Structures are given as C-alpha cells and as structure tokens.
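Reading through the structure tokens given below for one structure.
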Amino acid sequence: MEKDNGILEVRNLKKYFGGLKALDGVSFKLFEGETLGIIGPNGAGKTTLFNTICGVYPPTGGSILLRGKEIHGLKSHQIARMGIARTFQIVHPFRDLTVLDNVVMALGKNNYTGFINIFKISHTGENVEKARQLLKRVGILDYQYEKAENLSLGYKRRLEIARALALDPVILMLDEPCAGLSYDATREFMEMIYRLKEQGATIVIVEHNMQVAMGVSDRIVVLNYGEKIAEGPPERIKQDPYVIEAYLGKDDESA
Ligand SMILES: Nc1ncnc2c1ncn2[C@@H]1O[C@H](COP(=O)(O)OP(=O)(O)OP(=O)(O)O)[C@@H](O)[C@H]1O
C-alpha cells in the first residue's frame, strides 16, 4: 500500500452534542502497520472521536473512509465486521467462562444465533487452537483455564484484546487500555503492544497516560476543544508549543 493511501482516513469529522462541538473538523490518516496515538487534555474530544469512528455515535458531518469505503453512519456491529475492532475502557468479558472460552466465543461471533448455540458452534478444535494462539499473542496463555472474572484488570484488558483480535481486524482500536493499571502492569502492557506492532498490527490508541501514548505510538494526533492542534512523531509533539500550552494552560498575562 502506498504511503499516501491511509488504511483509514478521517476527513473534516464533526460531532456536535447540541451546541457543543465535541469534534469540529478533525482530519487525519492512519497507515497500515502503524500505531497512532490520540491524546489531548480532558474534554478534548478523544473519546468522542473514538466512538464516532467505531459507529457508537453518528457523525454530524465529514467522512470516515476505511480502505476507501465510507463507513460514516454505519452501525457499530457493521463497522466491526468491516474490520475495526475495539476494546472498552470498562471491560466486559463473560465473567463465568474461562479465559479460553471467552476467546473461543469471540471466534464464533460471525455465526451468532444465540448464546447457547454460539457456545456449541464455536467449540471446534480449530477455534480452540486459534484461541490459544491469540492468548499467547497477548501473553495470558498460562491463564487459559482461569475464570475471566479472576483475572487482574490488566489481564482482563489483554483478554479484551484477544477477543478483538479474534475478529481478525484491519484496525485495533484501544480505549485507554492502561487506565487504572499499576506502574509495572503498565510497562508489561506496553511490551505487549510492542509485540503486536512487531507482528504488523495497525493500532489506534486513545490514552491519557502520556508516557504510554508517547512510548507506543509511531505518530500522535493531539486534540483540543474538538480540533486537531498537532500531528506528528512523539518527539516532535513533546516539543510542540501548542501542545504544551494546551496541557499546561495558557499563561494569560498579556493585559
Ligand atoms: N454523550 C454526550 N453528550 C453530551 N456531551 C458530550 C457527550 N460525550 C461527550 N460530550 C462532551 O464533548 C466534549 C468532549 O468529550 P470527550 O469525552 O470526547 O473528551 P475526552 O477528550 O475523551 O475527555 P476525557 O479525557 O476527560 O475523557 C466534552 O465537553 C464532553 O462533555
């Protein structure tokens, strides 16, 4: 794929909640195999951008193109099926099922005909093997027979990622995956993201934790009051005066 052809292209995206312009003309591209970080101060529009791309909110205006196809206005399950898989900040695995069965169920999702059926349909030797490989990719294979509810928050988030990867997505969207994790769990989580990157995953990550966002992203898009104020590699973003001002607040002593 040519560098100019983003796998995802967001053009002049707008999302208004009544008079509040949560996104006001945001544009950027995401390229195959890269990790794009979305950062910005509180209320900047990060979650709104994430949810609008994933089809949770219909956009007020603009375009979202996945491999050149418009996905603006599609429902979230349609967008997931087209290849944008997401994780949630609040994890919700099937708590009473084992870690392995959670992923096996996700592999059977395309044949969904009800909970009991999907459980039976999904449970093929091939799916169990695939599920184990996915658990290995996210580093929790050792916990395959554990009930999902017994996992730590960090490992529940990894399980979410394994379930998202079960859809064989074009893009993996991560919503603040390190929120609430300890320092060590965050470092380990970052290492897992590096491994996914090495395996060629294309990732969008919304992250409050600046070290995580800067550490794992190839490029960063910075939002403030619903607008993109900067875009570029982490080293440049760290030194961008607009970004520094947005985070630290303006020293308004000009009068
Ligand atoms: N469903 C909604 N209805 C009304 N206003 C909303 C809704 N969702 C978000 N907003 C508003 O849109 C703006 C952007 O919010 P958003 O949650 O996208 O920002 P954020 O960058 O994710 O912030 P944070 O870092 O605090 O999570 C905020 O002013 C917020 O109050």
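The values are calculated or read from the model by the stated rules, or taken from the named source; none is laboratory data. Keep in mind it's a predicted model, so treat the numbers as computed, not measured. For neighbour counting, all protein chains shown are included, and Cβ atoms are generated from backbone atoms with ideal geometry for every residue, glycine included. What goes into the accessible areas is simple: the full protein's heavy atoms, side chains included, and nothing from ligands, DNA or RNA. Shrake-Rupley method; radii C 1.70, N 1.55, O 1.52, S 1.80 Å.
Only a single criterion out of (1) within 16 Å of the ligand (Cβ to nearest atom); (2) in contact (Cβ under 8 Å) with a residue 24 or more places away in the chain; (3) surrounded by fewer than 19 Cβ atoms within 10 Å (Cβ to Cβ) is not satisfied by G249, namely (2).
Scanning the stretch 15-30 for residues that are within 27 Å of V170 (Cβ to Cβ) and of a type in the set (A, V, I, L, M, F, W, C) returns A22, L23, V26, F28, L30. Considering each residue of the stretch 28-49, count those that are of a type in the set (K, R) and within 9 Å of the ligand (Cβ to nearest atom), and give that number. Residues in the stretch 28-49 being of a type in the set (K, R) and within 9 Å of the ligand (Cβ to nearest atom): 1 in total. Return the residue satisfying two criteria in turn: it lies in the stretch 125-144 and is among the β-branched types (V, I, T) and more than 14 Å from L107 (Cβ to Cβ), and of such residues it is nearest to the chain's Cα centre (by Cα). Among those residues, the one meeting the criterion is V138. For the stretch 127-155, name all the residues that are surrounded by fewer than 21 Cβ atoms within 10 Å (Cβ to Cβ) and either among the hydrophobic types (A, V, I, L, M, F, W, C) or in contact with a Pro (Cβ under 6 Å, 6 or more places away or on another chain) (or both). Listed by number, the residues that qualify are V128, L141, L151, L153. Of the listed requirements (1) modelled with pLDDT of 95 or more; (2) over 17 Å from the mean Cα position of the chain (by Cα); (3) among the charged types (D, E, K, R), D218 misses just one: (2). Listed by first and then second residue, the pairs with beta-carbon distance under 6 Å, at least 6 apart or on different chains, first residue in the stretch 13-37 and open to solvent by 40 Å² or more (accessible area, probe 1.4 Å), second among the β-branched types (V, I, T) and more than 15 Å from the ligand (Cβ to nearest atom), are E32/I7; E32/T202.
The number of residues in the stretch 211-227 being open to solvent by 60 Å² or more (accessible area, probe 1.4 Å) and touching a helix residue (DSSP H, G or I) at 6+ places or on another chain (Cβ under 9 Å) comes to 3. Within the stretch 50-65, at least one residue is within 22 Å of Q211 (Cα to Cα), within 18 Å of the chain's Cα centre (by Cα) and within 15 Å of the ligand (Cβ to nearest atom). Would you mind finding the one in L167, L159, L196 that is hydrophobic (A, V, I, L, M, F, W, C) and more than 22 Å from G108 (Cα to Cα)? Among L167, L159, L196, only L196 is hydrophobic (A, V, I, L, M, F, W, C) and more than 22 Å from G108 (Cα to Cα). Among the conditions (1) closer than 20 Å to V206 by Cβ; (2) β-branched (V, I, T); (3) surrounded by 22 or more Cβ atoms within 10 Å (Cβ to Cβ), the only one that I71 does not satisfy is (3). In this structure, K147 does not satisfy being more than 18 Å from the chain's Cα centre (by Cα), of a type in the set (D, E, K, R) and under 26 Å from F17 (Cβ atoms).
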